[in-house]
Structure formats: structure tokens, C-alpha cells
Amino acid sequence: MIQSSDAVRVALAPTRAYSELVAKPHAPSSWFHALAGPALYGLVLGTALSIAATHVASIVGVVSVALFWSFVPAVQLFTAWIVCRNPSVRIELPRAIELFFLTHLPWSMWLFAAAAGTFWLAPGPTLVQGVVVAALVPLVWTPVMIAAFCRAVLGCSVRDARRRTALHTAITWGVILFLSILADSTWARFGGGA
């Protein structure tokens with residue numbers, strides 16, 4: 001079972017932490033443990049967005065927001081499956097996905113920092129600029145963590161680790177771009193745009 005301290009260790013020193021986690025004896029892998037990562041990420045997303053919108057984290061608010069945004073962990077689970085398939089070393093897919101979701105700590109911290117920013121900054125350019133600048137840390141660090149995961153957990157070559165990391169990044173940003181275009185065209189269709 002993954003501990004929260006494992007996510008911190010992976011965020012601070014991904015290659016070393018992943019190498020230690022793979023070498024450490026663990027209980028047999030299960031899909032329950034593999035799906036705990038996406039579920040936790042959904043809960044973090046629901047909590048942070050609920051706080052950002054209302055400054056309150058009520059159970060109803062968190063659950064409803066988490067359900068509305070549940071496609072985000074689903075997409076991340078799909079990209080994890082893409083990255084983890086056909087590893088060079090024998091590791092069970094559920095265990096690989098469980099370890100993969102440790103890479104979400106920087107984004108989770110960013111979500112909570114952005115939500116906290118709504119308490120101190122008024123909505124507007126300053127808040128948006130702060131959120132965008134703060135996003136640079138997980139934006140740059142997550143691919144480093146994913147490449148370390150590919151090398152240490154999946155046993156990939158440097159080239160294959162880069163390929164899998166690029167594929168993960170392309171799918172993630174492709175989905176974000178698609179949803180942005182869809183939202184913009186839907187907003188314009190219903191009279192929200194010029």
C-alpha cells in the first residue's frame with residue numbers, strides 16, 4: 001500500500017524513490033489499490049475546486065464537483081495505462097498504475113495553492129497570473145517524474161522513457177485543448193461569445 005510519504009519522496013527525488021519502491025517488498029497488487037490513486041486525485045480536485053468556487057469544502061460541494069470533473073482522473077487513468085503497458089520488466093499493471101499516480105503530488109499541491117489564492121486575491125488578472133506562474137512547477141516537474149517512473153519502475157531505456165513521457169504529455173494536453181475548443185464553441189453557440 002502506498003503511503004503519502006512515498007508521494008513526497010517521489011516528488012523530491014523521483015528516480016531514487018521509485019527505485020526503492022520497486023525494490024521494497026509489497027503486498028500483492030490489486031486493482032483496488034491501483035484505482036485508489038485516481039479516486040484520491042478526484043477527491044483532491046473536487047475539494048480544491050469547491051474551495052476555489054465557494055471558499056467552503058462541504059461534503060455535498062466536494063462530491064458534486066468531484067463527480068462533475070471525474071473525467072479528469074479517468075483520462076489520467078487512461079494515460080497511465082498507455083504509459084504502463086508492455087513494460088520491459090515484470091511488474092503487475094495494477095502496481096505500475098498505483099506507483100504512477102504518485103506523480104500527481106505537484107499538481108495536487110498546485111490545485112490547493114490556487115484554491116488558497118482565492119482567499120487572498122480578488123478574481124482578475126493578478127489571480128490568473130499567479131495561478132499560471134505557479135503551474136510552471138508541476139508543468140515542468142511532472143514529465144521529469146514520469147520519465148523517472150518509466151526508467152525505475154518499467155525498466156525502460158532512456159529513449160523509451162522519453163517516448164512514453166512525450167506520449168503522456170501529448171494525450172493530456174490534447175484532451176485539454178479539445179475540451180477548451182469544445183467549451184469555447186459551446187459557449188459561443190449559446191450566446192456567451194461574440
Practice task
Filter region 104-138 down to the residues that are among the aromatic types (Phe, Trp, Tyr) and within 12 Å of the chain's Cα centre (by Cα), then identify the one that is farthest from SER5 (Cα to Cα).
Solution key: TRP110
Handout entry: Enumeration of residues in region 46-81 that are in a loop (DSSP other than H, G, I, E, B) and more than 17 Å from PHE119 (Cα to Cα)
Key = TRP69, SER70
Exercise for the section: Could you check, for region 133-148, whether at least one of its residues is closer than 15 Å to CYS84 by Cα and either of a type in the set (S, T, N, Q) or in contact with a strand residue (DSSP E or B) (Cβ under 7 Å, 6 or more places away or on another chain) (or both)? Expected result: no
Handout entry: Identity of the residue in region 1-40, surrounded by fewer than 16 Cβ atoms within 10 Å (Cβ to Cβ) and among the β-branched types (Val, Ile, Thr), that ends up farthest from the chain's Cα centre (by Cα)
Key = THR15
Problem - Single residue of LEU111, LEU154 found to be buried (at least 16 other Cβ atoms within 10 Å of the Cβ) and part of a loop (DSSP other than H, G, I, E, B) - result: LEU154
Problem - Residue identified as under 22 Å from THR165 (Cα atoms), within 12 Å of the chain's Cα centre (by Cα) and surrounded by fewer than 16 Cβ atoms within 10 Å (Cβ to Cβ) among PHE78, PHE101 - result: PHE78
Practice task
Starting from region 79-104, take each residue that is under 17 Å from PRO14 (Cα atoms) and in contact (Cβ under 8 Å) with a residue 40 or more places away in the chain and list its partners that are assigned to a helix (DSSP H, G or I) and of a type in the set (D, E, K, R), counting only C-beta distances under 9 angstrom and pairs at least six apart or across chains.
Solution key: VAL83/ARG164; CYS84/ARG164; LEU99/ASP6; LEU102/ASP6; LEU102/ARG9
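Read the figures in this text as sums done on the coordinates, not as results from a lab. Owing to the predicted nature of the structure, the values given are computational and were not obtained by experimental measurement. FYI the Cβ positions are ideal-geometry reconstructions off the backbone, even for glycines, and counts take in every protein chain you see.
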